[in-house]
1. Just checking, which of N297, N334, N322 is out of contact with any strand residue (DSSP E or B) (no Cβ under 9 Å at 6 or more places or on another chain) and either surrounded by 23 or more Cβ atoms within 10 Å (Cβ to Cβ) or without any contact (Cβ under 8 Å) to a residue 24 or more places away in the chain (or both)?
2. Filter region 242-269 down to residues that are within 22 Å of D206 (Cα to Cα) and exposed (fewer than 15 other Cβ atoms within 10 Å of the Cβ), then give me how many there are.
3. Could you tell me whether K254 is over 19 Å from F96 (Cα atoms), in contact (Cβ under 8 Å) with a residue 40 or more places away in the chain and in contact with a helix residue (DSSP H, G or I) (Cβ under 6 Å, 6 or more places away or on another chain)?
4. Only residues that are among the charged types (D, E, K, R), over 20 Å from G163 (Cα atoms) and surrounded by fewer than 17 Cβ atoms within 10 Å (Cβ to Cβ): list them for region 97-142, please.
5. Just checking, how many residues over region 217-231 are surrounded by 17 or more Cβ atoms within 10 Å (Cβ to Cβ) and either over 19 Å from the mean Cα position of the chain (by Cα) or farther than 27 Å from R405 by Cα (or both)?
6. Return the residue satisfying two criteria in turn: it lies in region 410-425 and is modelled with pLDDT of 95 or more and assigned to a loop (DSSP other than H, G, I, E, B), and of such residues it is surrounded by the most Cβ atoms within 10 Å (Cβ to Cβ).
7. Going by the structure shown, is A136 in contact with a Cys (Cβ under 7 Å, 6 or more places away or on another chain), small (G, A, S) and at pLDDT 95 or above?
8. Assess whether V303 counts as being in the same structural domain as V436 (by TED's automatic domain parsing) and crowded, with 21+ Cβ neighbours inside 10 Å.
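The values are calculated or read from the model by the stated rules, or taken from the named source; none is laboratory data. In this text the structure is predicted, and so the values were computed from the model without any measurement. Neighbour counts run over all protein chains shown; Cβ positions are idealised from the backbone, glycine included.
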Amino acid sequence: MGAEAVRLTIQIHWNDQWHDAAVVSFLDQSKGLRSPLRATYRPEYVARALDAANWPEDQVLAGAYALGVNLPVRFDATYEDGVVAAVLRDIIPQGFGRRRMLEHLGYRHDPGPRADLPLLAHGCVAPVGNLRVKAAAEAFAAKLDTARVPRFTKDEVVGLGEGIIDDGIRTGVPVAAALGAGGEAPKVLLAEDGAGRYALEGTLGDDEIHGHWLVKFPRGRKSPDDVAVLEGEAAVYQVLSARGINTLSGTTLKQDGPPPSLWLPRFDREGGNRFGVESVYSVMGMIGDGAALDHLNVAGRLVAATDSDTVLVDYLVQDVVNTVIGNVDNHGRNVALRKTQKETGLAPYYDLAPMVLDPEGLSRATRWPSEYMQAGQLPAYGKVLEQCARDPVHAKELFAARVYRLRDLGRVLADVGAPDRMLRHSGVRLEFAEQVHDALL
């Protein structure tokens, strides 16, 4: 359609309501997120956000009020291209969700960037976080007005599996909001009502909702290794949450499928509140798509963006966890910031799976510079803290205390059902946390 400009209004949720926050212009819609882009905040939104945050007009306002850490709320500011695309890439349907939305929109195959605008305009209804596209939300609401919304028991959801999306399409229930989670593994977003029944995300009113869930199924061909990845992930959450590590708690593995399903409470929702979620790729101003990252650059940028040693420590601990459990899928969309109106911190660790088992043979996307690697493939975490932390002494103490909680994971993971093929894999380094802790002494 040539270079005709298209504009989309982006809404941001805070104080229990959606706000028309910014307008994004695509100067060449055929190029999708690769188009020249412009984003500007609406003046009335800037005034409202500054007032709600009790924020001086001459200071930068980010956090939950902003599109992203690189796009703070300001009067008369225009943001362009890469940093805008990075934010949109976080919220556009991805992986399984992208494939199913394209099918729903009538595409026989993924046409690449040409599909980005239709996906934003129709599919960006309820992505993880507190952003959405206004046009998508309005179209979804119009469809919902004429739909009869079914509610399912947990057993019915387990029986349908990812086919719950097909069930919705067949019965005329809008499904776009349920496809708002990214990743290759099939994932469905569900809302739980007060009677313990489940409906597709976006189809219940906020006053009816008592819980928000991301239900995850094995990726690939559902092979024994694919199933073991999901089983291992479930065990990891159970052990880490019991030890007070920053991860998901209250997870449940349902194995009476088939296939099995992992039920994950959403960390971006609390009642009617929606918290901002921004991936490391977006923080780095990158679209991503598996692009390589340097841990040291990420660590420095996270501290600069949040002014928080706790965020730095949480990021380093997540790297330790990934190494312990054999999670090589450490790209920049598998770690994120969570932004409330009061503070910004690292999101609870998610997608903590032993991906060394994955039949596709994944490799690490984020690595340490060679000069920060010690003998025995041990990153120089102490050196990183000295270089990046605001208070290196306190940060090192905090890091050591959290790594200490990761000791003896092999035995405990076995006790909660981690599969043998995970625990015996050479890429799972169960003694790594002890090695890291000893190196700090």
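1. Answer to the selection: N297.
2. Here the count works out to 1.
3. Yes.
4. Within region 97-142, D110, R114, E138 qualify.
5. The qualifying residues number 9.
6. Selected residue: A418.
7. Taking the combined requirement at face value, the residue satisfies it.
8. So V303 does not fit the description; no.
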